[in-house]
Amino acid sequence: MIVVTGATGNVGKELVRILVGAGERVTAVSRHPAQLPDGVRHMEANLADPPSLAAALEGAEALFLLVAGEDPEGILGLAKAAGVRRVVLLSSQGAGTRPEVYRHPVAFEDAVRGSGLDWTILRSGGLNSNAFAWAGSIRTERTAAAPFGDVGLPTVDPADVAEVAAVVLREAGHAGSTYDLTGPAPVTPRERAEAIGEALGSPVRFIEQTRAEARAQMLSFMPEPVVEGTLAILGEPLPAEQETSPAVERILGRAPRAFADWAARTAPAFQ
């Protein structure tokens, strides 16, 4: 059995679907009730409260773990005691490029490496689904606002992240590996807005925010150090943050999906 934490998120929901389609027994973990495929066991638990995971981990062989909560050692200790042998951590590219800022995912990575389990770390670049933050303004005004409109980053389709996770959860040969996951090419915020407009058949006007405007907006839902690190990546990315990684293609045997593919698939969310 495979336990998937964050099972209602953009990556987790797709991962559950893929695993069930492959014939795996799945326990889907989320903080709230969820609609899931038939045959999936759902358990309500919170990564911020490791003991709440104990029942979900019973009988599991593998665990898909998000960076959430403050006690990764507690989560992994419970997993090991329950008989879990393999853990796949969804981390962040920033853990490798800016570890002094992304201390939370770094702490989870360190705990996973020291857990005594077979581990694989997936360092995701920015997810295409972050563009859902524009859904309200695109639906009502056909506008999308973001800073650094002409700085491109190779954001990744969450469905590609889920497919990679499904492979490394089910197949041998990935233990001890850390994979950076990106899309096929850098795409600017302005180009993302244009791609969503094309998917809708109705132009989306891009509004470029100042750094200060973006910072004020982000501070409403992100800690200040993470806001500063995120703005640095968005506005002054390091070469490593603009590079495309071969990992998706190497693991899946196909090129990663483009942002335009994601926009076409998710267009109803912006209508």
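Among bridges DSSP assigns within the chain, what percent are antiparallel (round to 5)? Within the chain, antiparallel bridges account for around 5 percent of the total.
Roll a 1.4 angstrom probe over the protein heavy atoms and tell me the percent of accessible area of the stretch 2-156 that is carbon or sulfur. That fraction is 48 percent. Dipole check for the stretch 152-216: with +1 at the C-beta of Lys and Arg, -1 at the C-beta of Asp and Glu, and the Cα centre as origin, the magnitude is about 260 Debye. Surface composition of the stretch 162-260: carbon plus sulfur atoms hold 53% of the accessible area, using a 1.4 angstrom probe and ignoring ligands, DNA and RNA. Around the amide H of residue 177, modelled in the peptide plane, lie the amide H atoms of 121, all under 5 Å away and 5 or more residues distant in sequence or on another chain. Whole-Hz Karplus values for the stretch 200-213 come out as 7, x, 8, x, 10, 7, 8, 10, 8, 7, 6, 4, 5, 5 Hz, taken residue by residue from phi with 6.51 cos²θ - 1.76 cosθ + 1.60 and θ = phi - 60°; glycine and proline positions read x.
Accessible area per residue for the chain, computed on protein heavy atoms with a 1.4 Å probe, is 45 Å². Between amide H atoms placed 1.01 Å from N, distances below 5 Å from residue 92 occur with 124, all of them 5 or more places distant or on a separate chain.
The values are calculated or read from the model by the stated rules, or taken from the named source; none is laboratory data. In this text the structure is predicted, and so the values were computed from the model without any measurement. With ideal geometry, Cβ positions are generated from the backbone for all residues, glycine too; neighbour counts draw on all protein chains shown. These accessible areas exclude ligands, DNA and RNA; they are computed on the full protein's heavy atoms, side chains included. Shrake-Rupley method; radii C 1.70, N 1.55, O 1.52, S 1.80 Å.
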